[in-house]
Amino acid sequence: MTQAEIKLCSLLLREHFGEIVERVGTLLVRAGAQPLRMLVGDTGLSLEQVKKALCVLLQHNLATFQLPKRGGVEYEARAERVLRILRYPRYIYAAKTLYGDTGELLVEELLLNGKMTMSAAVRKVADRLTETMEDGRTMDYADVSSTFVRLADTHLVQRCPLLPETPQGPPGPAPTLVLDEKEMYTVPRLNLTGRGKRRRSCEEEEEGEPRAKKQKADGEGSEPPPEDDGIYWQVNLERFHQHFRDQAIVSAVANRMDQTSSEIVRTMLRMSEVTTASGAPYTQPLSSNEIFRSLPAGYNISKQVLDQYLTLLADDPLEFVGKSGDSGGGMYTVNLHKALASLATATLESIVEERFGSRCARIFRLLLRKKHLEQKQVEDFAMIPAKEAKEMLYRMLSENFVALQIPKTPDHAPSRTFYLYTVNVPASARMLLHRCYKSVANLMERRQFETKENKRLLEKSQRVEAILASMQATGAEAAQLQEIEEMITAPERQQLESLKRNVNKLDASENQVDETIFVLESFIHSTIRKP
């Protein structure tokens, strides 16, 4: 891993799990697989602290354990999974757009807890939704449960590996977890009856305390274990990534052609979303007749118009859609690898234009199209004066956006040596990905600095808000509430507004950089997997 990635992992672990987990996690990222005793010695923490930190990392799928041949147990960080913490807001927002508030809260709870049983997640979400409802209404467990089933059906959540029911041989130093591929998305049949509960106020808790203590003493409060005890669920990040990739492809088609073309591609991707593996270069072939039957009801286009659109998409130079046969009115696939390559190339082009200007972008696009060009050819094709073209090429070369290939003759004679400029898209994407990680780390550090500088003011603001909330609950007069509000002066209020604005900008920038990271990572992974 690069230093930028290690630094970003460290910042994410510290922000979400605290200093102790950050020290253990960062050491595992840097040093690779380590046994427990080495972790205790290298981190300077106590054995109990290291154990608890490892429990947190394992619970959130940020680390794994393995049994080496020499014996014992070694722990290894999943650095790629740690970097995914940056994308948690996008996962939650995607769940909200697909399945509403219930889906959003279910995914949020699973991400916050790492792993949960279905019954625990349903009860927690029902309680949270009930608290936001007005007029004494409550959320039914059955409604939340049905949303959970829909999340499992679309593979957005999946089962975690479990201990085998019949252990083989004596227990070892670490359990061997197994995962049944057939049962991965099978939801257990649960009899979840009931409704969400609101939190009780302090007075109600004080009144109910003796009764609760009596129940505990008599053993009345002990509940039987839930029906799904031991069956834990987690968020399937790969499936969310597949959804983000499909959205990016649909958006690109809409920008290049029109809304109807993008809806046809969306329908093709939706039809093959569960049957196509996340790393596949193509979707499953679909016939024109199947696509026509699956189009949304709002699109009243004839079969003839659909065939024309499919032919147009298949003939497009970007080759997002390819034709793979003539049966069933024509068989069509979405070329995922080429789509990701086009998205990554477009990202590189826009960055070159922002950094170096439109004329450099013209040279960059020329090199992408012609593959290899000499300096004189670049000047002629781009119609840019020799001095300027040379300067632009050297600037892009120094920033690693452009590469120089020197095919040499056996005698290395300079007069017979060609200097060819080219763009190595995968190498440029890796370089840019590294810079994106550095940018996100810088943004996080800046946000932490801003909040640290205004820590006293933030604490004062929180105290005032807490006092106001308690006074409003007890029915205080407007004059008393105004007096409390005036504890924060006008300059302090202005400073708080400025801080809020700056932090929101930094948060938005983190999300925007992560979108670029996602496109570049998806492209790099597709080039590695490509047969």
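Here, each number is a calculation from the coordinates, and none is a lab measurement. All values derive from a computational prediction rather than experimental measurement. Using ideal geometry, Cβ is built from the backbone for each residue, glycine included, and neighbour counts are taken over all protein chains shown.
The phi-based Karplus calculation (6.51 cos²θ - 1.76 cosθ + 1.60; θ = phi - 60°) puts the 3J(HN,Hα) values of the range 480-495 at 5, 5, 5, 5, 5, 4, 6, 5, 8, 6, 4, x, 5, 5, 5, 5 Hz, whole numbers, x for Gly and Pro.
Using only alpha carbons, the range 240-334 has a radius of gyration to Kirkwood radius ratio (Rg to Rh) of 0.92. For the chain, the mean residue ellipticity at 222 nm estimated from helices alone is -20500 deg cm²/dmol, where every DSSP H run of n ≥ 4 contributes -39500 (n - 2.57) and the total is divided by all residues, rounded to the nearest 500. For the range 380-506, the equivalent ellipsoid derived from the alpha-carbon gyration tensor has semi-axes of 63, 15, 11 Å in decreasing order.
Considering every alpha-carbon pair of the range 360-423, the percent of pairs per 10 Å bin, from zero through the bin containing the longest distance, is 22, 53, 22, 3.
In terms of the mean number of neighbouring beta-carbon atoms within 10 Å, the peptides 418-429, 262-273 order highest first as 262-273, 418-429.
Separation of the range 124-153 from the range 15-57 is 37 Å, based on Cα centroids.
In percent, rounded to a whole number, the relative contact order of the chain is 11, using alpha-carbon pairs under 8 Å and six or more apart. Summed over all non-identical Cα pairs, the Kirkwood treatment of the range 464-518 gives a radius of 13.8 Å. With a Förster radius of 51 Å applied to the beta-carbon distance between A476 and A142, the computed FRET efficiency rounds to 0.80. Across the alpha-carbon atoms of the range 3-77, the computed radius of gyration and Dmax are 11.6, 36 angstrom. Gyration tensor over the Cα atoms of the chain: the corresponding equivalent ellipsoid has semi-axes (square roots of 5 times the eigenvalues, largest first) of 47, 32, 29 Å.
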